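Everything on this sheet refers to the single structure shown next.
The values are calculated or read from the model by the stated rules, or taken from the named source; none is laboratory data. Source: prediction; values computed, not measured. Glycine also receives a Cβ, built like all others from the backbone with ideal geometry; neighbour counts cover every protein chain displayed. Surface areas here come from the heavy atoms of the whole protein model, side chains and all, with no ligands, DNA or RNA. Shrake-Rupley method; radii C 1.70, N 1.55, O 1.52, S 1.80 Å.
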Amino acid sequence: MGRNALLLKNTFIISVGKVCTQLITYLLLPLYTSVLSTSEYGTIDLLFTYILLISPVVTVQMEASIFRFLIDARGNEREIARVITNCVTCAVCPTLAFSAGFLCFAPLLGFEYTGAFVLGVIANSMLSIALQIARGLGDNISYAIGSAISGILTVSLNVLFVIVWSSGVAGMLYSTAIAQLMGLSYILIRDKIFKYIDFSLVCRRLIKEMANYSLPLILNGLSWWIISASDRTIVSLFLGTQANGILAVAAKLSAIVANVFAIFNLSWTESVALHIKDKDRDRYISDITRQCFNLFGACGITLIMGCAVFFKYMVDERFSAAFPLIPLLVIGGIINVVQTLYGIIYIGLKNTKQVSRTAFIAAIINFVVNLALIKFIGLYAAAVSTICSMLYLAIYRYMDINHIMDIRLSPKDIFVMIGMYILFMSLYLINYPMLNIVGLLLSILFCVTWNKKMINSLILILKKRYLRS
(Lines give C-alpha, C1' and ligand atoms only; values in the text may rest on other atoms or scores of the structure.)
Protein backbone atom coordinates (compact mmCIF):
# COMPACT_ATOMS: atom_id res chain seq x y z
CA MET A 1 0.00 0.00 0.00
CA GLY A 2 1.36 3.47 -0.94
CA ARG A 3 2.28 6.03 1.71
CA ASN A 4 -0.64 8.35 0.96
CA ALA A 5 -3.12 5.48 0.83
CA LEU A 6 -1.85 4.13 4.16
CA LEU A 7 -2.03 7.60 5.69
CA LEU A 8 -5.61 7.99 4.45
CA LYS A 9 -6.57 4.53 5.75
CA ASN A 10 -5.10 5.16 9.21
CA THR A 11 -6.71 8.59 9.40
CA PHE A 12 -10.10 7.13 8.50
CA ILE A 13 -9.84 4.32 11.07
CA ILE A 14 -8.85 6.70 13.87
CA SER A 15 -11.46 9.27 12.89
CA VAL A 16 -14.30 6.74 13.18
CA GLY A 17 -13.75 6.57 16.92
CA LYS A 18 -12.91 10.22 17.45
CA VAL A 19 -15.28 12.17 15.21
CA CYS A 20 -18.48 10.41 16.30
CA THR A 21 -17.64 11.00 19.96
CA GLN A 22 -16.76 14.66 19.50
CA LEU A 23 -19.86 15.24 17.39
CA ILE A 24 -22.05 13.92 20.21
CA THR A 25 -20.21 16.19 22.67
CA TYR A 26 -20.88 19.28 20.57
CA LEU A 27 -24.51 18.32 20.07
CA LEU A 28 -24.88 18.11 23.85
CA LEU A 29 -23.29 21.54 24.41
CA PRO A 30 -26.69 23.32 24.47
CA LEU A 31 -27.81 20.84 27.15
CA TYR A 32 -24.69 21.31 29.27
CA THR A 33 -24.85 25.11 29.09
CA SER A 34 -28.52 25.11 30.03
CA VAL A 35 -28.07 22.85 33.08
CA LEU A 36 -24.73 24.12 34.42
CA SER A 37 -24.07 27.67 35.55
CA THR A 38 -21.23 29.66 33.98
CA SER A 39 -19.30 29.19 37.23
CA GLU A 40 -19.78 25.40 37.28
CA TYR A 41 -18.83 25.08 33.62
CA GLY A 42 -15.73 27.19 34.26
CA THR A 43 -14.73 25.01 37.23
CA ILE A 44 -15.20 21.79 35.24
CA ASP A 45 -13.16 23.18 32.36
CA LEU A 46 -10.35 24.19 34.72
CA LEU A 47 -10.22 20.80 36.47
CA PHE A 48 -10.20 18.85 33.20
CA THR A 49 -7.43 21.13 31.94
CA TYR A 50 -5.36 20.23 35.01
CA ILE A 51 -6.05 16.51 34.58
CA LEU A 52 -5.06 16.51 30.92
CA LEU A 53 -1.84 18.35 31.64
CA ILE A 54 -0.83 16.65 34.90
CA SER A 55 -1.28 13.14 33.47
CA PRO A 56 1.66 13.24 31.02
CA VAL A 57 3.89 14.64 33.76
CA VAL A 58 3.17 11.89 36.30
CA THR A 59 3.66 9.21 33.64
CA VAL A 60 7.03 10.78 32.78
CA GLN A 61 5.69 11.15 29.21
CA MET A 62 6.25 7.42 28.67
CA GLU A 63 3.16 7.25 26.46
CA ALA A 64 5.03 9.27 23.83
CA SER A 65 8.16 7.19 24.25
CA ILE A 66 6.40 3.84 24.00
CA PHE A 67 4.68 4.80 20.75
CA ARG A 68 7.93 5.89 19.10
CA PHE A 69 9.95 2.89 20.32
CA LEU A 70 7.26 0.35 19.43
CA ILE A 71 7.32 1.58 15.83
CA ASP A 72 10.99 0.55 15.62
CA ALA A 73 10.24 -2.77 17.42
CA ARG A 74 7.44 -3.94 15.10
CA GLY A 75 7.87 -7.55 14.00
CA ASN A 76 10.05 -8.47 17.01
CA GLU A 77 7.89 -9.92 19.81
CA ARG A 78 10.68 -9.94 22.39
CA GLU A 79 11.60 -6.33 21.69
CA ILE A 80 7.94 -5.34 21.92
CA ALA A 81 7.74 -7.01 25.34
CA ARG A 82 10.91 -5.19 26.47
CA VAL A 83 9.55 -1.81 25.42
CA ILE A 84 6.11 -2.32 27.02
CA THR A 85 7.51 -3.79 30.27
CA ASN A 86 10.00 -0.97 30.79
CA CYS A 87 7.44 1.67 29.88
CA VAL A 88 4.85 0.33 32.32
CA THR A 89 7.49 0.11 35.06
CA CYS A 90 8.46 3.75 34.58
CA ALA A 91 4.94 5.14 34.19
CA VAL A 92 2.83 3.33 36.79
CA CYS A 93 5.06 3.92 39.83
CA PRO A 94 5.16 7.76 39.66
CA THR A 95 1.43 7.84 38.86
CA LEU A 96 0.62 5.86 42.00
CA ALA A 97 3.06 7.97 44.06
CA PHE A 98 1.40 11.20 42.88
CA SER A 99 -2.05 9.80 43.61
CA ALA A 100 -1.11 8.77 47.16
CA GLY A 101 0.50 12.13 47.87
CA PHE A 102 -2.41 14.11 46.47
CA LEU A 103 -4.94 12.09 48.48
CA CYS A 104 -2.99 12.90 51.65
CA PHE A 105 -2.31 16.60 51.17
CA ALA A 106 -5.13 17.99 48.98
CA PRO A 107 -7.78 17.81 51.75
CA LEU A 108 -5.48 19.85 53.99
CA LEU A 109 -5.57 22.60 51.37
CA GLY A 110 -9.37 22.52 51.25
CA PHE A 111 -9.56 20.97 47.77
CA GLU A 112 -13.17 19.89 47.24
CA TYR A 113 -12.89 17.16 44.61
CA THR A 114 -9.86 15.14 45.77
CA GLY A 115 -11.09 11.59 45.10
CA ALA A 116 -12.70 12.39 41.77
CA PHE A 117 -9.66 14.36 40.62
CA VAL A 118 -7.18 11.58 41.51
CA LEU A 119 -9.32 8.97 39.79
CA GLY A 120 -9.43 11.23 36.76
CA VAL A 121 -5.63 11.52 36.65
CA ILE A 122 -5.15 7.73 37.01
CA ALA A 123 -7.78 6.88 34.39
CA ASN A 124 -6.52 9.45 31.91
CA SER A 125 -2.88 8.41 32.40
CA MET A 126 -3.46 4.67 32.02
CA LEU A 127 -5.79 5.10 29.03
CA SER A 128 -3.22 7.32 27.30
CA ILE A 129 -0.53 4.67 27.70
CA ALA A 130 -2.84 1.88 26.47
CA LEU A 131 -3.88 3.94 23.44
CA GLN A 132 -0.25 4.62 22.50
CA ILE A 133 0.62 0.93 22.90
CA ALA A 134 -2.18 0.11 20.45
CA ARG A 135 -0.87 2.70 17.99
CA GLY A 136 2.71 1.55 18.46
CA LEU A 137 1.67 -2.02 17.68
CA GLY A 138 -0.01 -0.75 14.50
CA ASP A 139 -3.48 -1.67 15.77
CA ASN A 140 -5.29 1.54 14.87
CA ILE A 141 -8.63 -0.27 14.98
CA SER A 142 -8.09 -1.01 18.68
CA TYR A 143 -7.09 2.62 19.18
CA ALA A 144 -10.24 3.84 17.42
CA ILE A 145 -12.63 1.48 19.24
CA GLY A 146 -11.00 2.15 22.62
CA SER A 147 -11.31 5.89 22.02
CA ALA A 148 -14.93 5.49 20.90
CA ILE A 149 -15.86 3.43 23.97
CA SER A 150 -14.28 6.02 26.24
CA GLY A 151 -15.86 8.96 24.41
CA ILE A 152 -19.37 7.59 23.98
CA LEU A 153 -19.50 6.38 27.59
CA THR A 154 -18.19 9.74 28.76
CA VAL A 155 -21.07 11.53 27.09
CA SER A 156 -23.64 8.96 28.24
CA LEU A 157 -22.44 8.94 31.85
CA ASN A 158 -22.12 12.74 31.88
CA VAL A 159 -25.81 12.93 31.03
CA LEU A 160 -26.66 10.37 33.74
CA PHE A 161 -24.50 11.90 36.49
CA VAL A 162 -24.90 15.60 35.74
CA ILE A 163 -28.36 15.94 34.20
CA VAL A 164 -30.34 13.02 35.65
CA TRP A 165 -28.67 12.78 39.08
CA SER A 166 -27.66 16.49 39.29
CA SER A 167 -24.24 15.63 40.76
CA GLY A 168 -22.52 18.66 39.21
CA VAL A 169 -18.74 18.98 38.97
CA ALA A 170 -17.89 15.81 40.91
CA GLY A 171 -20.33 13.80 38.81
CA MET A 172 -18.70 14.89 35.58
CA LEU A 173 -15.25 13.99 36.92
CA TYR A 174 -16.34 10.54 38.10
CA SER A 175 -18.34 9.72 34.98
CA THR A 176 -15.43 10.67 32.71
CA ALA A 177 -12.97 8.58 34.72
CA ILE A 178 -15.26 5.52 34.66
CA ALA A 179 -15.67 5.84 30.89
CA GLN A 180 -11.90 6.05 30.40
CA LEU A 181 -11.34 2.97 32.54
CA MET A 182 -13.79 1.07 30.34
CA GLY A 183 -11.88 2.14 27.23
CA LEU A 184 -8.66 1.04 28.94
CA SER A 185 -10.14 -2.37 29.75
CA TYR A 186 -11.11 -2.93 26.12
CA ILE A 187 -7.59 -2.26 24.83
CA LEU A 188 -5.96 -4.40 27.53
CA ILE A 189 -8.17 -7.35 26.55
CA ARG A 190 -8.14 -6.92 22.75
CA ASP A 191 -4.37 -6.44 22.39
CA LYS A 192 -3.54 -8.86 25.23
CA ILE A 193 -1.16 -6.30 26.65
CA PHE A 194 -0.55 -8.25 29.86
CA LYS A 195 1.18 -11.02 27.89
CA TYR A 196 3.94 -8.56 27.00
CA ILE A 197 4.71 -7.65 30.60
CA ASP A 198 7.69 -9.64 31.87
CA PHE A 199 9.64 -7.98 34.67
CA SER A 200 12.68 -10.13 33.92
CA LEU A 201 13.05 -7.89 30.83
CA VAL A 202 13.49 -4.71 32.87
CA CYS A 203 16.60 -3.10 31.42
CA ARG A 204 18.37 -0.02 32.75
CA ARG A 205 19.90 0.76 29.37
CA LEU A 206 16.52 0.73 27.62
CA ILE A 207 14.90 2.72 30.44
CA LYS A 208 17.64 5.32 30.09
CA GLU A 209 17.21 5.44 26.31
CA MET A 210 13.44 5.82 26.59
CA ALA A 211 13.83 8.38 29.39
CA ASN A 212 16.23 10.45 27.26
CA TYR A 213 13.45 10.60 24.69
CA SER A 214 10.54 11.19 27.07
CA LEU A 215 11.99 13.37 29.86
CA PRO A 216 12.37 16.48 27.67
CA LEU A 217 8.71 16.07 26.84
CA ILE A 218 7.87 16.66 30.51
CA LEU A 219 9.08 20.22 30.07
CA ASN A 220 7.01 20.28 26.89
CA GLY A 221 3.99 19.09 28.89
CA LEU A 222 4.58 21.73 31.55
CA SER A 223 4.93 24.35 28.84
CA TRP A 224 1.58 23.41 27.35
CA TRP A 225 0.18 23.49 30.89
CA ILE A 226 1.27 27.13 31.08
CA ILE A 227 -0.13 27.86 27.62
CA SER A 228 -3.48 26.16 28.26
CA ALA A 229 -4.08 26.06 32.00
CA SER A 230 -2.57 29.47 32.74
CA ASP A 231 -5.14 31.09 30.45
CA ARG A 232 -7.92 29.49 32.48
CA THR A 233 -6.18 30.16 35.80
CA ILE A 234 -5.44 33.83 35.10
CA VAL A 235 -8.98 34.42 33.82
CA SER A 236 -10.44 32.70 36.89
CA LEU A 237 -8.27 34.72 39.29
CA PHE A 238 -8.78 38.12 37.67
CA LEU A 239 -12.25 37.79 36.15
CA GLY A 240 -13.85 34.88 38.06
CA THR A 241 -14.91 31.34 37.17
CA GLN A 242 -17.97 32.72 35.37
CA ALA A 243 -15.66 34.40 32.87
CA ASN A 244 -13.71 31.16 32.54
CA GLY A 245 -16.99 29.44 31.67
CA ILE A 246 -17.44 31.94 28.83
CA LEU A 247 -13.88 31.30 27.66
CA ALA A 248 -14.41 27.53 27.86
CA VAL A 249 -17.44 27.67 25.55
CA ALA A 250 -15.65 29.92 23.05
CA ALA A 251 -12.59 27.64 23.14
CA LYS A 252 -14.71 24.52 22.64
CA LEU A 253 -16.44 25.87 19.55
CA SER A 254 -13.28 27.40 18.06
CA ALA A 255 -11.34 24.16 18.54
CA ILE A 256 -13.46 22.07 16.14
CA VAL A 257 -10.98 22.33 13.26
CA ALA A 258 -8.01 21.85 15.60
CA ASN A 259 -9.66 18.71 17.00
CA VAL A 260 -10.15 17.32 13.50
CA PHE A 261 -6.50 18.05 12.74
CA ALA A 262 -5.51 16.27 15.96
CA ILE A 263 -7.11 13.11 14.56
CA PHE A 264 -5.12 13.41 11.33
CA ASN A 265 -2.04 14.28 13.37
CA LEU A 266 -2.09 10.86 15.04
CA SER A 267 -1.70 9.00 11.74
CA TRP A 268 0.62 11.65 10.27
CA THR A 269 3.01 11.36 13.24
CA GLU A 270 3.24 7.63 12.58
CA SER A 271 3.88 8.21 8.87
CA VAL A 272 6.66 10.72 9.56
CA ALA A 273 8.34 8.32 12.00
CA LEU A 274 8.11 5.47 9.49
CA HIS A 275 9.39 7.45 6.49
CA ILE A 276 11.81 9.93 8.09
CA LYS A 277 14.75 8.04 6.54
CA ASP A 278 13.28 7.77 3.02
CA LYS A 279 15.33 9.37 0.24
CA ASP A 280 12.43 11.57 -0.86
CA ARG A 281 11.35 12.45 2.68
CA ASP A 282 11.66 16.23 2.12
CA ARG A 283 9.34 16.24 -0.89
CA TYR A 284 6.85 13.86 0.74
CA ILE A 285 6.65 15.70 4.08
CA SER A 286 6.66 19.10 2.39
CA ASP A 287 3.74 18.18 0.10
CA ILE A 288 1.60 16.93 2.99
CA THR A 289 2.50 19.97 5.12
CA ARG A 290 1.43 22.42 2.39
CA GLN A 291 -1.79 20.52 1.76
CA CYS A 292 -2.61 20.51 5.48
CA PHE A 293 -1.97 24.24 5.76
CA ASN A 294 -4.33 24.95 2.86
CA LEU A 295 -7.01 22.50 4.00
CA PHE A 296 -7.18 23.33 7.70
CA GLY A 297 -6.61 27.03 7.11
CA ALA A 298 -9.62 27.12 4.76
CA CYS A 299 -11.67 24.98 7.16
CA GLY A 300 -10.94 27.52 9.90
CA ILE A 301 -12.65 30.21 7.80
CA THR A 302 -15.66 27.94 7.31
CA LEU A 303 -15.74 27.30 11.06
CA ILE A 304 -15.82 31.03 11.80
CA MET A 305 -18.78 31.58 9.48
CA GLY A 306 -20.45 28.40 10.74
CA CYS A 307 -20.29 29.76 14.28
CA ALA A 308 -21.75 33.05 13.05
CA VAL A 309 -24.81 31.21 11.73
CA PHE A 310 -25.32 28.51 14.37
CA PHE A 311 -23.95 30.03 17.61
CA LYS A 312 -27.36 31.00 19.01
CA TYR A 313 -28.62 27.45 18.47
CA MET A 314 -25.57 25.82 20.06
CA VAL A 315 -25.17 27.84 23.24
CA ASP A 316 -27.48 29.17 25.95
CA GLU A 317 -27.85 32.96 25.90
CA ARG A 318 -26.02 33.23 29.25
CA PHE A 319 -22.84 32.37 27.33
CA SER A 320 -23.39 34.91 24.52
CA ALA A 321 -20.27 36.86 25.52
CA ALA A 322 -18.25 34.00 23.99
CA PHE A 323 -19.30 35.03 20.45
CA PRO A 324 -16.69 37.75 19.69
CA LEU A 325 -13.84 35.59 21.08
CA ILE A 326 -14.30 32.76 18.58
CA PRO A 327 -12.51 34.21 15.49
CA LEU A 328 -9.37 35.05 17.45
CA LEU A 329 -9.30 31.61 19.06
CA VAL A 330 -9.78 29.98 15.64
CA ILE A 331 -6.76 31.92 14.32
CA GLY A 332 -4.73 30.74 17.30
CA GLY A 333 -5.86 27.18 16.58
CA ILE A 334 -4.85 27.35 12.90
CA ILE A 335 -1.42 28.75 13.76
CA ASN A 336 -1.17 25.89 16.25
CA VAL A 337 -1.82 23.46 13.38
CA VAL A 338 1.14 24.97 11.48
CA GLN A 339 3.57 24.74 14.38
CA THR A 340 2.43 21.17 15.09
CA LEU A 341 3.14 20.15 11.50
CA TYR A 342 6.75 21.22 12.02
CA GLY A 343 6.91 19.88 15.58
CA ILE A 344 6.04 16.41 14.28
CA ILE A 345 9.31 16.39 12.33
CA TYR A 346 11.25 16.75 15.60
CA ILE A 347 9.41 13.68 16.88
CA GLY A 348 10.32 11.74 13.76
CA LEU A 349 13.96 12.71 14.25
CA LYS A 350 13.70 11.81 17.98
CA ASN A 351 14.79 15.37 18.80
CA THR A 352 12.44 15.89 21.75
CA LYS A 353 14.81 18.38 23.41
CA GLN A 354 14.10 20.92 20.69
CA VAL A 355 10.37 20.30 21.06
CA SER A 356 10.62 21.18 24.75
CA ARG A 357 12.89 24.21 24.35
CA THR A 358 10.64 25.90 21.83
CA ALA A 359 7.46 25.05 23.74
CA PHE A 360 8.91 26.46 26.97
CA ILE A 361 9.70 29.81 25.36
CA ALA A 362 6.20 29.88 23.85
CA ALA A 363 4.75 29.21 27.31
CA ILE A 364 6.62 32.18 28.76
CA ILE A 365 5.36 34.40 25.94
CA ASN A 366 1.79 33.20 26.52
CA PHE A 367 1.94 33.78 30.29
CA VAL A 368 3.54 37.23 30.08
CA VAL A 369 1.23 38.54 27.35
CA ASN A 370 -1.87 37.18 29.11
CA LEU A 371 -0.87 38.63 32.47
CA ALA A 372 0.05 42.00 30.93
CA LEU A 373 -3.21 42.41 29.01
CA ILE A 374 -5.86 40.77 31.23
CA LYS A 375 -6.69 44.00 33.10
CA PHE A 376 -6.96 46.02 29.90
CA ILE A 377 -8.79 43.79 27.42
CA GLY A 378 -10.29 41.13 29.70
CA LEU A 379 -11.04 37.77 28.08
CA TYR A 380 -9.43 38.85 24.84
CA ALA A 381 -6.06 38.59 26.59
CA ALA A 382 -6.35 34.79 26.55
CA ALA A 383 -6.93 34.76 22.78
CA VAL A 384 -4.19 37.29 22.00
CA SER A 385 -1.63 35.51 24.19
CA THR A 386 -2.41 32.21 22.45
CA ILE A 387 -1.92 33.78 19.02
CA CYS A 388 1.41 35.33 20.09
CA SER A 389 2.80 32.08 21.54
CA MET A 390 1.63 29.94 18.60
CA LEU A 391 3.02 32.46 16.10
CA TYR A 392 6.42 32.28 17.78
CA LEU A 393 6.38 28.47 17.64
CA ALA A 394 5.29 28.40 14.00
CA ILE A 395 7.93 30.89 12.82
CA TYR A 396 10.79 29.47 14.89
CA ARG A 397 10.10 25.82 14.05
CA TYR A 398 9.64 26.69 10.38
CA MET A 399 13.04 28.37 10.25
CA ASP A 400 14.78 25.76 12.39
CA ILE A 401 13.45 22.73 10.50
CA ASN A 402 14.47 24.27 7.19
CA HIS A 403 18.07 24.23 8.38
CA ILE A 404 17.77 20.43 8.45
CA MET A 405 15.22 19.64 5.75
CA ASP A 406 13.48 21.53 2.95
CA ILE A 407 9.88 21.77 4.25
CA ARG A 408 8.47 25.07 3.04
CA LEU A 409 5.09 26.75 2.72
CA SER A 410 4.13 28.83 -0.31
CA PRO A 411 4.28 32.62 0.41
CA LYS A 412 1.36 33.01 -2.02
CA ASP A 413 -0.74 30.56 0.01
CA ILE A 414 0.07 32.41 3.23
CA PHE A 415 -0.91 35.84 1.86
CA VAL A 416 -4.13 34.53 0.28
CA MET A 417 -5.06 32.90 3.58
CA ILE A 418 -4.40 36.10 5.56
CA GLY A 419 -6.56 38.11 3.14
CA MET A 420 -9.42 35.63 3.36
CA TYR A 421 -9.35 35.66 7.17
CA ILE A 422 -9.54 39.46 7.20
CA LEU A 423 -12.52 39.38 4.82
CA PHE A 424 -14.53 36.71 6.61
CA MET A 425 -13.75 37.99 10.11
CA SER A 426 -15.19 41.34 9.01
CA LEU A 427 -18.41 39.60 7.96
CA TYR A 428 -18.46 37.72 11.27
CA LEU A 429 -18.12 40.87 13.38
CA ILE A 430 -20.82 42.70 11.36
CA ASN A 431 -23.03 39.76 12.44
CA TYR A 432 -25.95 40.40 10.09
CA PRO A 433 -27.99 37.17 9.64
CA MET A 434 -28.20 37.19 5.84
CA LEU A 435 -24.54 38.18 5.48
CA ASN A 436 -23.61 35.34 7.82
CA ILE A 437 -25.43 32.79 5.63
CA VAL A 438 -23.87 34.19 2.43
CA GLY A 439 -20.48 34.21 4.14
CA LEU A 440 -20.86 30.57 5.18
CA LEU A 441 -21.71 29.52 1.61
CA LEU A 442 -18.78 31.52 0.20
CA SER A 443 -16.40 30.07 2.78
CA ILE A 444 -17.45 26.52 1.82
CA LEU A 445 -16.94 27.38 -1.86
CA PHE A 446 -13.48 28.79 -1.10
CA CYS A 447 -12.55 25.72 0.95
CA VAL A 448 -13.52 23.34 -1.86
CA THR A 449 -11.93 25.29 -4.72
CA TRP A 450 -8.77 26.11 -2.76
CA ASN A 451 -8.25 22.42 -2.02
CA LYS A 452 -9.55 21.07 -5.34
CA LYS A 453 -6.25 19.39 -6.26
CA MET A 454 -6.00 17.57 -2.93
CA ILE A 455 -9.66 16.52 -3.03
CA ASN A 456 -9.17 15.08 -6.53
CA SER A 457 -6.10 13.17 -5.31
CA LEU A 458 -8.07 11.69 -2.43
CA ILE A 459 -10.88 10.66 -4.75
CA LEU A 460 -8.35 9.00 -7.05
CA ILE A 461 -6.84 7.03 -4.15
CA LEU A 462 -10.30 5.91 -3.03
CA LYS A 463 -11.24 4.87 -6.58
CA LYS A 464 -8.10 2.79 -6.90
CA ARG A 465 -8.76 1.10 -3.59
CA TYR A 466 -12.43 0.50 -4.46
CA LEU A 467 -11.74 -0.87 -7.94
CA ARG A 468 -8.95 -3.12 -6.62
CA SER A 469 -11.26 -4.60 -3.99
Cα-only radius of gyration and Dmax that characterise region 242-289, units Å:
16.6, 54
May I ask for log10 I(q)/I(0) of region 133-272 at q = 0.09, 0.10, 0.16 Å⁻¹, from a Debye sum over the Cα atoms as equal point scatterers with solvent left out?
-0.43, -0.53, -1.26
What percent of all Cα-Cα pairs in region 218-322 falls into each 10 Å bin, going from 0 up to the bin containing the maximum distance?
12, 29, 32, 18, 8, 1
Residues of the chain: accessible area per residue with a 1.4 Å probe, Å²:
44 Å²
On a 27 Å Cα-Cα criterion, which of the cross-link pairs K279/K353; K277/K353; K195/K279; K350/K412 come out too long?
K195/K279; K350/K412
Setting aside same-chain residues fewer than 8 positions from K452, which aspartates and glutamates have a Cα under 20 Å from its Cα?
D287, D413
Given a 1.4 Å probe and every protein chain left where it sits, what share in percent of the accessible area of the chain is carbon and sulfur?
69 percent
Please go through region 57-125 and write out the GluC sites (Glu not before Pro) that DSSP classes as loop and that have at most 13 other C-beta atoms within 10 Å.
E112
Here the relative contact order (percent) of the chain, from C-alpha pairs under 8 Å and at least 6 apart, is 20 percent
Roughly how far apart, in whole Å, are the Cα centres of region 189-253 and region 301-326?
29 Å
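Please get the size of the charge dipole for region 45-174, origin at its Cα centre, with Cβ charges of +1 on Lys and Arg and -1 on Asp and Glu, quoted in debye to the nearest 20.
200 debye
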Estimated vicinal HN-Hα couplings, Hz - region 267-277 in sequence order (Karplus 6.51, -1.76, 1.60; Gly, Pro = x):
6, 5, 4, 5, 5, 5, 4, 6, 10, 5, 9
What does the helix-only formula give at 222 nm for the chain: each DSSP H stretch with n ≥ 4 adding -39500 (n - 2.57), the total divided by the residues, and the result rounded to the nearest 500 deg cm²/dmol?
-29000 deg cm²/dmol
Beyond 33 Å, the calculated P(r) of the chain holds a percent of Cα-Cα pairs equal to 37 percent
Trypsin sites (Lys or Arg not before Pro) within region 279-344, DSSP loop, no more than 15 other Cβ atoms inside 10 Å:
K279
Within the P(r) computed for region 291-388, what percentage of the Cα pairs occupies the region above 18 Å?
59 percent
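Need one number: convex hull volume per residue for region 38-165, Cα atoms only, in Å³.
Considering the Cα atoms of region 38-165, their hull volume per residue is 108 Å³.
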Size-normalised alpha-carbon gyration radius of region 131-184, reference 2.2 N^0.38 Å:
1.29
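Tell me the volume per residue, in Å³, of the convex hull enclosing the alpha carbons of region 321-469. Can you show the working numbers first?
Values: hull volume 24.6 nm³, N = 149.
It is 165 Å³ per residue.
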Using the Kirkwood radius over Cα pairs, work out the Stokes-Einstein diffusion coefficient for region 270-313 at 37 °C and 0.692 mPa s, in µm²/s as a whole number.
260 µm²/s
